[in-house]
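A.B. asks: Here it is, the structure in full.
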Amino acid sequence: MSPGQLESLGRSVRAELDGNLLPFWSSRVVDTSHGGFIGWMSKEGLVNTEAPKGLILNARLLWTFSAVYRFDHDVRRRDLAQRAADYLAQFFWDGTHGGVFWQVDAQGRCLDDKKKIYGQAFYLYALAEYFQAVGDEATLERAKELFELIEAHSHDAVNGGYIEVCNRDWSEAQDLRLSDKDMDEKESMNNHLHLLEAYTNLYRIWPEANLRVRLVGLLDIFAARIADPATGHLNHFFDESWQPKSDDYTFGHDIEASWLLCEAAEVLDDPALMSRVQEQALRLAHIVLTEGVDHDGGLCYRGQHGHVVDPNREWWPQVESVVGFLNAFQLSGEQRFFEAARHAWQYLEKRFVDAEHGEWFWRVDPLGRPDPTEPKVSEWKGPYHGVRGCLEILKRLRQIAASNPKL
């Protein structure tokens, strides 16, 4: 690693953040007809003004604008964060039972009142970030309330972990799938990963004793239940007694988890726990680099039994790989991880950035051709991975430079 490589990567990431991602999400997704933000945009930039609005997109918008306001102190970001916060509070919050609905229509009328814990986690994650951005005490109280609701109704006191989906009144739902692509099982890696992420952010502003216990418990679950002891990969689905019900894995979740686990251990400030988690993170990063990264720097999507079974690349694993490999470099000092991060960003910049219509393509095939069927904005396509990735990369590059005075 040379000073020039460090500076070049930083300039490229900052240019992408300021010149593409933030202009797109700050100006092109505001819904001037119905309030809040649009629910869907095609790959070419065509907006469906009557598309439903999903909790995940709206919570991620709140997190994004809050995080960016903390980064650049631009009042336009604060105003957009407030717009997202107000819309979520008015149309998604369940005034009867607490928690947030999964989906509303374009006018804000509830379409799906399920309390999917993955969605509750993202709202909690966003509330904690919004509080850090604007210091609104009512936001902190809402975050505490949501934490208590999740703990009261989703936490499995017998087997540990958290069930996937509750009904509106917080009773356990019959269909536990997050989406049509998921298995109908009691426990999932993805649900626990984003609860971990949310609880980490909440602990930063509210270091409460029970929250600490639950956060440590989530780290223990990843070490003892979710990580496959033979392969090191993260299994995806489990029954109520934590028996694995799936045998494939996604490289993006593996590398994203590698740095989110470290982040959780850092806020807990427990050296023994941090050492154990860092060891797991390095194993995950090594496996992803060895098995999932193609020669061109692109990260393949899915693997099974030690082989790539879906060689396509998606935007979110690609940017998560940059962060995860930088994290692994910071932990180990191994040059191969820095090179992997640099090549992953170069691949993203070359293949995913949409110079014509803005933002990033959802998916490209192994030859770098964009998937024409996937939208630019949807319930599952938002700014969170891209913007967060850029912010994390810039932060870590500063840390690397500060810890290496000769650079």
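A.B. asks: As an exercise: evaluate residue 58 against (1) touching a strand residue (DSSP E or B) at 6+ places or on another chain (Cβ under 6 Å); (2) buried (at least 21 other Cβ atoms within 10 Å of the Cβ) and give the number of the one condition it does not meet.
C.D. replies: Tallying (1) touching a strand residue (DSSP E or B) at 6+ places or on another chain (Cβ under 6 Å); (2) buried (at least 21 other Cβ atoms within 10 Å of the Cβ), residue 58 fails exactly one: (1).
A.B. asks: For residue 211, state whether it is of a type outside the set (Val, Ile, Thr), crowded, with 22+ Cβ neighbours inside 10 Å and at pLDDT 95 or above.
C.D. replies: no
A.B. asks: Follow-up question, since we're still on this one. Taking segment 13-36, which residues are surrounded by fewer than 17 Cβ atoms within 10 Å (Cβ to Cβ), part of a helix (DSSP H, G or I), in contact (Cβ under 8 Å) with a residue 12 or more places away in the chain and not basic (Lys, Arg)? I'd like the intermediate steps shown before the answer.
C.D. replies: Taking segment 13-36 as the starting set, the residues that turn out to be surrounded by fewer than 17 Cβ atoms within 10 Å (Cβ to Cβ) are 14-15, 18-19, 23, 27, 30, 32-33, 35.
Now narrow it down to the ones that are part of a helix (DSSP H, G or I): 14-15, 18-19, 23, 27.
Pick out the ones that are also in contact (Cβ under 8 Å) with a residue 12 or more places away in the chain and you get 14, 23.
Selection gives 23 alone.
A.B. asks: Please go through segment 211-270 and give me each residue that is small (Gly, Ala, Ser) and over 22 Å from residue 329 (Cβ atoms), ordered by number.
C.D. replies: If we filter segment 211-270 for residues that are small (Gly, Ala, Ser), which is where we start, we get 217, 223-224, 227, 230, 232, 241, 246, 252, 257-258, 264-265.
If the condition is that a residue be small (Gly, Ala, Ser) and over 22 Å from residue 329 (Cβ atoms), then 217, 223, 224, 230, 241, 246 are the ones that fit.
A.B. asks: Out of the residues in segment 1-27 that are within 21 Å of the chain's Cα centre (by Cα) and of a type in the set (Asp, Glu), which is nearest to residue 71 (Cα to Cα)? Steps first, please.
C.D. replies: Residues of segment 1-27 within 21 Å of the chain's Cα centre (by Cα): 13-14, 16-18, 20-26.
Those left that are additionally of a type in the set (Asp, Glu): 16, 18.
Numbers: 16: 15, 18: 12 Å.
Ranking the qualifying residues of segment 1-27, first place goes to 18.
A.B. asks: Okay, moving on. Those residues that are touching a Gly at 6+ places or on another chain (Cβ under 8 Å), among the aliphatic types (A, V, I, L, M) and assigned to a helix (DSSP H, G or I), I need them from segment 79-108; list them, please.
C.D. replies: Selection gives 84 alone.
A.B. asks: Within segment 161-191, restricting attention to residues that are part of a helix (DSSP H, G or I) and of a type in the set (S, T, N, Q), which residue is farthest from residue 111 (Cα to Cα)? Break it down stepwise before answering.
C.D. replies: Pass one, segment 161-191, residues part of a helix (DSSP H, G or I): 189-191.
Remaining after also requiring of a type in the set (S, T, N, Q): 190-191.
On the way: 190: 24, 191: 22 Å.
Per the stated criteria, the residue is 190.
A.B. asks: Out of everything in segment 353-407 that is of a type in the set (Asp, Glu) and in contact with a helix residue (DSSP H, G or I) (Cβ under 6 Å, 6 or more places away or on another chain), what residue ends up being nearest to residue 15 (Cα to Cα)?
C.D. replies: In the first step, residues of segment 353-407 are kept if they are of a type in the set (Asp, Glu); the result is 354, 356, 359, 365, 371, 374, 379, 392.
Then drop every residue that is not in contact with a helix residue (DSSP H, G or I) (Cβ under 6 Å, 6 or more places away or on another chain), which leaves 359, 379, 392.
Details: 359: 13, 379: 26, 392: 14 Å.
The extreme case among them is 359.
A.B. asks: With the condition kept exactly as written, say whether any residue in segment 198-215 is touching a strand residue (DSSP E or B) at 6+ places or on another chain (Cβ under 8 Å) and over 16 Å from residue 116 (Cβ atoms). Please lay out each step first, then the result.
C.D. replies: Pass one, segment 198-215, residues touching a strand residue (DSSP E or B) at 6+ places or on another chain (Cβ under 8 Å): 214.
Now narrow it down to the ones that are over 16 Å from residue 116 (Cβ atoms): 214.
Checked segment 198-215: at least one residue is touching a strand residue (DSSP E or B) at 6+ places or on another chain (Cβ under 8 Å) and over 16 Å from residue 116 (Cβ atoms).
A.B. asks: Residues of segment 37-59 being assigned to a loop (DSSP other than H, G, I, E, B) and aliphatic (A, V, I, L, M), which ones? Working first, answer last.
C.D. replies: Going through segment 37-59, the residues assigned to a loop (DSSP other than H, G, I, E, B) turn out to be 38-40, 42-46, 48-52.
38, 46, 51, listed by residue number.
A.B. asks: Out of the residues in segment 346-372 meeting the condition of being touching a residue at least 24 places away in the same chain (Cβ under 8 Å), over 17 Å from residue 300 (Cβ atoms) and not acidic (Asp, Glu), tell me which one is surrounded by the fewest Cβ atoms within 10 Å (Cβ to Cβ).
C.D. replies: Only one residue fits best here, namely 372.
A.B. asks: Could you grab me the full set of residues in segment 362-388 that are within 13 Å of residue 317 (Cβ to Cβ), in contact with a Pro (Cβ under 9 Å, 6 or more places away or on another chain) and not charged (D, E, K, R)? It would help to see each step written out before you state the result.
C.D. replies: Start the filter on segment 362-388 by keeping residues that are within 13 Å of residue 317 (Cβ to Cβ), which leaves 362-364, 385-386.
When the remaining residues are screened for being in contact with a Pro (Cβ under 9 Å, 6 or more places away or on another chain), the result is 362-364, 385.
362, 364, 385 - these are the residues of segment 362-388 that are within 13 Å of residue 317 (Cβ to Cβ), in contact with a Pro (Cβ under 9 Å, 6 or more places away or on another chain) and not charged (D, E, K, R).
A.B. asks: Has segment 28-45 got any residue that is within 22 Å of the chain's Cα centre (by Cα) and either modelled with pLDDT under 95 or closer than 24 Å to residue 143 by Cβ (or both)?
C.D. replies: yes
A.B. asks: Write out, first by first residue and then by second, each pair whose Cβ atoms fall under 6 Å of each other, whose residues are 6+ apart or on separate chains, and whose first residue, in segment 147-161, is without any contact (Cβ under 8 Å) to a residue 40 or more places away in the chain while the second is buried (at least 17 other Cβ atoms within 10 Å of the Cβ) and assigned to a strand (DSSP E or B).
C.D. replies: Once the first residue is without any contact (Cβ under 8 Å) to a residue 40 or more places away in the chain and sits in segment 147-161, its partners that are buried (at least 17 other Cβ atoms within 10 Å of the Cβ) and assigned to a strand (DSSP E or B) give 153/166; 154/162.
A.B. asks: To continue, here is another question. Within segment 342-358, how many residues turn out to be part of a loop (DSSP other than H, G, I, E, B) and over 20 Å from the mean Cα position of the chain (by Cα)? Lay out the reasoning, then the answer.
C.D. replies: Narrowing segment 342-358 to residues part of a loop (DSSP other than H, G, I, E, B): 352, 354-358.
With over 20 Å from the mean Cα position of the chain (by Cα) added as a condition, the list becomes 354-358.
Number of matching residues: 5.
A.B. asks: Looking at residue 105, is it without any contact (Cβ under 8 Å) to a residue 12 or more places away in the chain and under 15 Å from residue 54 (Cβ atoms)? Outline the logic, then answer.
C.D. replies: Working: without any contact (Cβ under 8 Å) to a residue 12 or more places away in the chain: no; under 15 Å from residue 54 (Cβ atoms): yes.
The answer is no for residue 105.
A.B. asks: While we're looking at this one, here's another question. What are the residues in segment 109-160 that are within 19 Å of the chain's Cα centre (by Cα) and either assigned to a loop (DSSP other than H, G, I, E, B) or of a type in the set (Asp, Glu) (or both), if any?
C.D. replies: Selection gives 129 alone.
Listed here are the residues, each with its yes/no results for (1) touching a Leu at 6+ places or on another chain (Cβ under 8 Å); (2) of a type in the set (Asp, Glu).
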| residue | (1), (2) |
| --- | --- |
| 270 | no, yes |
| 286 | no, no |
| 292 | yes, no |
| 305 | no, no |
| 324 | yes, no |
| 331 | yes, no |
| 336 | yes, no |
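A.B. asks: Would you check if residue 145 is surrounded by 18 or more Cβ atoms within 10 Å (Cβ to Cβ), under 25 Å from residue 217 (Cα atoms) and acidic (Asp, Glu)? Please lay out each step first, then the result.
C.D. replies: Working: surrounded by 18 or more Cβ atoms within 10 Å (Cβ to Cβ): no; under 25 Å from residue 217 (Cα atoms): yes; acidic (Asp, Glu): yes.
It is false that residue 145 is surrounded by 18 or more Cβ atoms within 10 Å (Cβ to Cβ), under 25 Å from residue 217 (Cα atoms) and acidic (Asp, Glu).
A.B. asks: Check segment 253-274 and report whether any residue there is surrounded by 18 or more Cβ atoms within 10 Å (Cβ to Cβ), in contact with a strand residue (DSSP E or B) (Cβ under 6 Å, 6 or more places away or on another chain) and farther than 30 Å from residue 297 by Cα.
C.D. replies: No - not one qualifying residue is present in segment 253-274.
The values are calculated or read from the model by the stated rules, or taken from the named source; none is laboratory data. In this text the structure is predicted, and so the values were computed from the model without any measurement. Here Cβ is always computed from backbone atoms with ideal geometry, including for glycine, and neighbour counts include all displayed protein chains.
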